[in-house]
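Visitor: My questions will all concern the structure given below.
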Amino acid sequence: MNDFLRAYKRYDPAAKSALEIALLYPGPKAVFFHRIAHVLYGAGLFFPARLVSELSRWLTGIEIHPGAKLGRRLVIDHGMGLVVGETAEVGDDCILFHGVTLGGTKFDPIKRHPTVGHRVLIGAGAKVLGPVVLGDDARVGANSVVTKDVPAGRVAAGIPARLMEPG
């Protein structure tokens, strides 16, 4: 079992086998298709990249733009409705729940999507908007709307998201 599937097994006690994770979980399929689309996108083959991305969205309910950069061992839990924008960057060992949006707030061809550090958890339905930075080990509460940076190791929750006091 490779590190990627091991990350799912470690995270999800309901997962019975690597084969089950690889074939029946939507997150690994979406990441697999994204890796193909990202290579095509990097080679300037934008239409085939978007075609692979759209096929993935149709199969998994998870929309990841081919230009987005994903780290290793990304766990997408359930995933339906998850959206990752073109200039988003996600670090290693992150967990994203269903309904998460890593979205933009501008239409200019600039860095307009979030940068997510390593070991970040983003709760179900959370919206992280604009070129904000979520530091390593940060947490975002379910259904929160984040439009400002979240420092490493901190928790942000609410609408708009506010930093929570440790405790």
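Visitor: Looking at 121, 163 in this structure, which one is under 14 Å from the mean Cα position of the chain (by Cα) and at pLDDT 95 or above? Spell out the reasoning first.
Guide: On the way: 163 fails: under 14 Å from the mean Cα position of the chain (by Cα).
It is 121.
Visitor: Between a residue in the stretch 38-61 that is over 14 Å from residue 86 (Cα atoms) and any residue that is of a type in the set (Phe, Trp, Tyr), which pairs come within a Cβ distance under 6 Å, given they are 6 or more apart or on different chains?
Guide: Close Cβ pairs satisfying both conditions: 52/33; 56/33.
Visitor: Further question on the same structure: Of all residues in the stretch 144-167, which are on the phi > 0 side of the Ramachandran plot and either of a type in the set (Phe, Trp, Tyr) or crowded, with 16+ Cβ neighbours inside 10 Å (or both)?
Guide: In the first step, residues of the stretch 144-167 are kept if they are on the phi > 0 side of the Ramachandran plot; the result is 153, 158, 167.
If the condition is that a residue be on the phi > 0 side of the Ramachandran plot and either of a type in the set (Phe, Trp, Tyr) or crowded, with 16+ Cβ neighbours inside 10 Å (or both), then no residue fits.
Visitor: Any residue in the stretch 131-150 that's closer than 15 Å to residue 112 by Cβ: show its pairings with residues that are among the acidic types (Asp, Glu) and surrounded by fewer than 20 Cβ atoms within 10 Å (Cβ to Cβ) at Cβ separation under 9 Å, as long as the two are six or more apart or on different chains.
Guide: 132/149; 133/149
Residue by residue, here is whether (1) within 17 Å of the chain's Cα centre (by Cα); (2) modelled with pLDDT under 95 holds:
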position	(1), (2)
80	yes, no
97	yes, no
109	no, yes
138	yes, no
159	no, no
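Visitor: Also, I was wondering about something else. Quick one: count up the residues across the stretch 112-128 that are within 20 Å of residue 74 (Cβ to Cβ) and touching a Pro at 6+ places or on another chain (Cβ under 8 Å).
Guide: We begin by selecting, within the stretch 112-128, every residue within 20 Å of residue 74 (Cβ to Cβ); these are 113-128.
Filter again for touching a Pro at 6+ places or on another chain (Cβ under 8 Å), leaving 113-115, 128.
Selection size over the stretch 112-128: 4.
Visitor: Can I ask one more? If I filter the stretch 103-129 down to residues being surrounded by fewer than 16 Cβ atoms within 10 Å (Cβ to Cβ) and not basic (Lys, Arg), which single residue comes out as nearest to residue 80 (Cα to Cα)? I'd like the intermediate steps shown before the answer.
Guide: Residues of the stretch 103-129 that are surrounded by fewer than 16 Cβ atoms within 10 Å (Cβ to Cβ), as a first pass: 105-111.
Next cut, not basic (Lys, Arg) only: 105, 107-110.
Values: 105: 22, 107: 25, 108: 28, 109: 27, 110: 27 Å.
Per the stated criteria, the residue is 105.
Visitor: Is there a residue being more than 22 Å from residue 69 (Cβ to Cβ), within 18 Å of the chain's Cα centre (by Cα) and among the acidic types (Asp, Glu) anywhere in the stretch 14-37? Give the steps one after another, and end with the answer.
Guide: We begin by selecting, within the stretch 14-37, every residue more than 22 Å from residue 69 (Cβ to Cβ); these are 14-24.
Okay, now just the ones that are also within 18 Å of the chain's Cα centre (by Cα), so 21-22.
Going one step further and asking which of them are among the acidic types (Asp, Glu), we end up with none.
Within the stretch 14-37, none of the residues are more than 22 Å from residue 69 (Cβ to Cβ), within 18 Å of the chain's Cα centre (by Cα) and among the acidic types (Asp, Glu).
Visitor: Here is a further query. Take the stretch 19-39 and flag every residue that is over 22 Å from residue 119 (Cβ atoms) and of a type in the set (A, V, I, L, M).
Guide: Answer for the stretch 19-39, where residues must be over 22 Å from residue 119 (Cβ atoms) and of a type in the set (A, V, I, L, M): 19, 22, 23, 24, 36, 37, 39.
Visitor: List the helices (runs of 4 or more DSSP H) that sit entirely inside the stretch 15-68 and contain at least 1 residues that are at pLDDT 95 or above, of a type outside the set (A, V, I, L, M, F, W, C) and loosely packed, with under 13 Cβ neighbours inside 10 Å.
Guide: Numbers: elements: 18-24, 26-42, 46-60.
Qualifying helices (runs of 4 or more DSSP H): 26-42.
The values are calculated or read from the model by the stated rules, or taken from the named source; none is laboratory data. All of these numbers come straight from a predicted model, not from anything done at the bench. Cβ coordinates were reconstructed from backbone atoms using ideal geometry, including for glycine residues, and neighbour counts include every protein chain displayed.
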